[in-house]
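K.L.:
I'd like to ask some things about the structure below.
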Amino acid sequence: MTMLQSTRAIRRAKPVQRVLYIADLISTVVGKTAAWLIIALMTVVVVEVAKRYLLNAPTAWIFDLNNMLYGTVFMLCGAYTLAQNSHVRGDFIYGSLKPRTQATLDLILYVLFFLPGIAALIYAGWHYAQDSWRILEHSNVTADGPPVYPFKTVIPVAGTLVMMQGLAEMLRCVVCLKSGAWPPRLKDVSELDVVEEQLARSEYVDEEDRRAAIAGAHKIDETARQRGMGGDLNT
């Protein structure tokens with residue numbers, strides 16, 4: 001989804017849905033931006049392999065740098081993965097439940113495990129980062145290890161992003177409990193926007209047919225999305 005499509009979706013949404021979309025957008029932007037570090041990680045590995053085996057000139061601190069790059073990607077993409085509903089779960093049971101049952105189960109688990117766990121991560125990560133900055137900590141894996149205080153700063157930042165997205169997911173659960181259907185995610189509107197734009201530009205579709213086609217597309221999308229979350233709309 002482009003930024004323009006995201007902005008349109010946010011503007012059209014109702015207040016509660018707008019909050020969900022904004023949380024999704026923040027997590028998505030951060031996650032996709034952090035994903036570019038994979039290119040940096042790949043470049044570092046390729047260059048180091050060439051130096052080590054072709055020039056016989058290995059870099060002592062490259063192991064630390066690889067770990068920090070990968071760790072940064074892993075942590076900053078956590079909220080994005082949650083926004084995409086892509087974390088691993090036992091779908092063989094969860095997928096057969098109705099939306100309201102799913103929302104109830106999710107909400108209970110968020111309160112019991114997610115909130116205290118992520119709060120502990122933010123709290124501990126903040127102190128780790130604070131102590132690391134105070135002493136300008138460097139890695140002790142090698143004699144001349146790189147600084148690790150920027151990397152440790154990522155811990156509370158990533159935890160805060162995951163907490164924000166988790167609160168949005170809890171709000172989704174509340175909406176589902178009230179309506180009996182899962183509210184859409186920001187990614188769900190992308191294909192519908194494409195359909196609407198194509199129909200709007202077509203010279204061979206009149207207004208009545210265009211509206212009927214868009215309504216049909218929305219219905220198909222809603223059915224597929226609810227089935228994707230598990231269960232059906234009969235609550």
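K.L.:
Using only the alpha carbon atoms of region 1-139, find the Kirkwood hydrodynamic radius as the inverse mean reciprocal pair distance, in angstroms to one decimal. Please list the in-between numbers first.
P.N.:
Values: mean 1/r = 0.0531 Å⁻¹.
Result for region 1-139 stands at 18.8 Å.
K.L.:
Next up: Starting from a Cα-only point model with no solvent, please compute log10 I(q)/I(0) by Debye for region 14-95 at q = 0.14, 0.21, 0.22 1/Å.
P.N.:
Each listed q corresponds, in turn, to -0.65, -0.94, -0.98.
K.L.:
Which far-off residues, 5 or more places away or on another chain, put their amide H under 5 Å from the one on L97, with H placed in the peptide plane?
P.N.:
G231
K.L.:
Counting other beta carbons within 10 Å of each residue's own, what order do H87, H127, H138 fall into, fewest first? Provide the component values of the computation, followed by the final result.
P.N.:
Working: H87 8, H127 13, H138 16.
Fewest-to-most ranking of H87, H127, H138: H87, H127, H138.
K.L.:
Under the rule of at least 5 residues apart or a separate chain, name every residue whose amide H is placed under 5 Å from the amide H of H138.
P.N.:
V148
K.L.:
I need two numbers for region 69-193: Rg to one decimal and Dmax as a whole number, Cα atoms only, in Å.
P.N.:
Rg and Dmax of region 69-193, Cα atoms, are 18.3, 60 Å.
K.L.:
Right, here's the next one. Counting only Cα, what are the radius of gyration and maximum Cα-Cα distance Dmax of region 28-70, in Å?
P.N.:
12.4, 41
K.L.:
Starting from the 7 Å offset along Cα-to-Cβ, what nm value, one decimal, do you get for the label separation of Y53 and E207?
P.N.:
6.7 nm
K.L.:
Same structure, new question: In region 7-79, what chymotrypsin sites (Phe, Trp or Tyr not before Pro) fall in a loop by DSSP, with at most 14 other Cβ atoms inside 10 Å?
P.N.:
On the way: sites: Y21, W36, Y53, W61, F63, Y70, F74; in loops: W36, W61.
For chymotrypsin sites (Phe, Trp or Tyr not before Pro) across region 7-79 that sit outside H, G, I, E and B with at most 14 neighbouring Cβ atoms in 10 Å, the list reads W36.
Every number here is computed from the coordinates shown, using simple stated rules; none is lab data. Here the structure is a predicted model, which means the values were calculated and not measured. Cβ: placed from backbone, ideal geometry, glycine included. Neighbour counts: every protein chain shown.
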